[in-house]
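What follows is a set of notes on a single structure, which appears directly below.
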Amino acid sequence: MKWRWREKMKAAGKPTDKPNMVCGPVQICWHKFARYWDIELREVPLEGDQMHMTPEAAIARCDENTIGVVPTLGITFTCVYEPVKAISDALDKLQKDTGLDIPIHVDGASGGFLAPFVEPDLEWDFRLPRVKSINSSGHKYGLAPCGCGWVVFRDKEDLPDDLIFWVNYLGGNMPTFALSFSRPGGQIICQYYNFLRLGMEGYRKIQQSCYDTAHYLSDEIEKMGLFDIIYNGRGGIPAMSWSLKEGVDPGFNLYDLSDRIRARGWQIAAYSMPPNREDLVIMRILVRHGFSHDLASLLVDDLKRCIAYFEKNPVTHKAIEEESGGYKHS
């Protein structure tokens with residue numbers, strides 16, 4: 001996106017020293033990209049109950065120096081899908097009104113291997129002409145081993161030739177587009193096997209089972225009466241998250257609960273949200289293949305045991321994130 005924007009600005013005789021990128025709450029890899037490649041990251045912060053980038057917020061941050069808008073299909077913090085089609089429609093209107101033609105890259109790290117199988121009618125991909133590229137992680141919901149990830153471009157022209165190196169290697173002239181060169185191929189072979197072995201219907205059954213388990217967990221945790229469900233497994237990836245109800249003091253906070261449930265063999269992180277909602281502390285569960293309904297039922301029982309423990313032994317000095325927060329994977 002930066003290369004294409006730079007060429008466009010040079011052709012128009014305009015400066016190329018202040019590129020920016022617009023996104024919602026993103027994973028740390030995007031902050032690394034922005035710093036390493038000298039991009040101004042215009043990240044839409046969380047505000048009140050608004051937990052993702054809206055079309056209005058995206059458009060408000062776009063100008064002629066915007067190299068692209070990056071919605072996420074499954075936000076790290078809340079697990080919801082950002083509205084790719086609505087953002088695309090808003091950018092279409094922006095182009096009509098101002099002439100600014102700003103592309104979209106979809107960060108489909110998790111949702112890229114979920115939506116095609118479980119929500120095939122959801123428009124977020126190359127059905128939208130403005131989407132020029134998509135990345136996804138095969139090692140998440142693609143069911144491939146760790147280290148397998150993908151980026152797919154709409155057209156050959158969307159990957160500038162300047163970024164491709166041709167290497168005469170082991171008797172063949174091959175193109176490479178990466179920061180590293182030699183990498184193991186085993187993860188790709190496993191991914192290919194999954195595609196052949198499972199097919200569309202196999203992936204659909206596995207992922208739908210994950211969603212069913214997430215819905216069950218959300219419903220059961222909500223019935224406990226102490227928690228507000230932030231995300232219930234609908235409209236995003238198979239996961240759920242919750243916070244303590246305001247004005248309720250059950251004798252513990254979520255850091256205490258995270259610490260206590262660890263004693264039962266479960267690791268469920270409690271963590272504060274990014275700017276501007278650092279005041280909101282949540283717990284989050286991701287459901288992946290192998291976490292069955294039976295295991296979810298055991299987890300619900302253990303959560304109830306923990307709550308019953310705190311009823312008899314309320315915490316007088318409640319934990320803070322530094323003391324009892326789980327490790328936060330970035």
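The values are calculated or read from the model by the stated rules, or taken from the named source; none is laboratory data. In this text, all values refer to a predicted model and were calculated from it rather than measured experimentally. Note that each Cβ is placed from the backbone with ideal geometry, even for glycine, and that neighbours are counted across all protein chains shown. Accessible surface is based on the protein model in full, side chains and every heavy atom, while ligands, DNA and RNA are left aside. Shrake-Rupley method; radii C 1.70, N 1.55, O 1.52, S 1.80 Å.
Put simply, of 51, 21 the only residue that is open to solvent by 10 Å² or more (accessible area, probe 1.4 Å), closer than 29 Å to residue 119 by Cα and touching a residue at least 24 places away in the same chain (Cβ under 8 Å) is 51.
When the stretch 102-111 is filtered for residues that are closer than 11 Å to residue 69 by Cα and either surrounded by fewer than 19 Cβ atoms within 10 Å (Cβ to Cβ) or in contact with a Lys or Arg (Cβ under 6 Å, 6 or more places away or on another chain) (or both), the ones remaining, listed by number, are 103, 104.
Scanning the stretch 224-239 for residues that are of a type outside the set (Ser, Thr, Tyr) and either assigned to a loop (DSSP other than H, G, I, E, B) or closer than 20 Å to residue 83 by Cα (or both) returns 224, 225, 226, 230, 232, 233, 234, 235, 236, 237, 238, 239.
All conditions in (1) open to solvent by less than 90 Å² (accessible area, probe 1.4 Å); (2) in contact (Cβ under 8 Å) with a residue 24 or more places away in the chain; (3) more than 23 Å from the chain's Cα centre (by Cα) hold for residue 162, with the sole exception of (1). The selection criterion, being open to solvent by 30 Å² or more (accessible area, probe 1.4 Å), charged (D, E, K, R), more than 24 Å from residue 73 (Cβ to Cβ) and touching a residue at least 40 places away in the same chain (Cβ under 8 Å), does not hold for residue 8.
Across the stretch 74-93, what is the number of residues that are among the acidic types (Asp, Glu) and either over 19 Å from residue 114 (Cβ atoms) or surrounded by fewer than 23 Cβ atoms within 10 Å (Cβ to Cβ) (or both)? Outline the logic, then answer.
Quick first cut of the stretch 74-93, residues among the acidic types (Asp, Glu) only: 82, 89, 92.
Subsequent filtering for residues that are either over 19 Å from residue 114 (Cβ atoms) or surrounded by fewer than 23 Cβ atoms within 10 Å (Cβ to Cβ) (or both) retains 89, 92.
Number of matching residues: 2.
Among the residues here, residue 114 does not qualify as modelled with pLDDT of 95 or more, open to solvent by 50 Å² or more (accessible area, probe 1.4 Å), among the hydrophobic types (A, V, I, L, M, F, W, C) and under 26 Å from residue 285 (Cβ atoms).
Assess whether residue 284 counts as being touching a residue at least 40 places away in the same chain (Cβ under 8 Å) and in contact with a strand residue (DSSP E or B) (Cβ under 8 Å, 6 or more places away or on another chain). Give the derivation first.
Numbers: touching a residue at least 40 places away in the same chain (Cβ under 8 Å): yes; in contact with a strand residue (DSSP E or B) (Cβ under 8 Å, 6 or more places away or on another chain): yes.
For residue 284, the condition - touching a residue at least 40 places away in the same chain (Cβ under 8 Å) and in contact with a strand residue (DSSP E or B) (Cβ under 8 Å, 6 or more places away or on another chain) - is met.
The strands (runs of 3 or more DSSP E) falling completely within the stretch 127-171 that include 1 or more residues that are out of contact with any Phe, Trp or Tyr (no Cβ under 7 Å at 6 or more places or on another chain) and modelled with pLDDT of 95 or more map to 131-137, 149-153.
The residue of the stretch 126-157 that is nearest to residue 33 (Cα to Cα), among those that are within 15 Å of the chain's Cα centre (by Cα), open to solvent by less than 40 Å² (accessible area, probe 1.4 Å) and not hydrophobic (A, V, I, L, M, F, W, C), is 135. Criterion applied to 195, 181, 227 was being open to solvent by 70 Å² or more (accessible area, probe 1.4 Å) and at pLDDT 95 or above, and the one residue passing it is 195. Filtering 233, 186, 251 for residues that are touching a residue at least 40 places away in the same chain (Cβ under 8 Å), over 21 Å from residue 303 (Cβ atoms) and not polar (S, T, N, Q) leaves a single hit, 186.
To keep it simple, each residue is scored yes or no on (1) over 30 Å from residue 135 (Cα atoms); (2) outside any strand (DSSP E or B); (3) among the small types (Gly, Ala, Ser).
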{"position": "175", "(1), (2), (3)": "no, no, no"}
{"position": "200", "(1), (2), (3)": "no, yes, no"}
{"position": "215", "(1), (2), (3)": "no, yes, no"}
{"position": "241", "(1), (2), (3)": "no, no, yes"}
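Annotation: residue 167 fulfils all but one of (1) in contact (Cβ under 8 Å) with a residue 40 or more places away in the chain; (2) open to solvent by less than 50 Å² (accessible area, probe 1.4 Å); the unmet one is (1).
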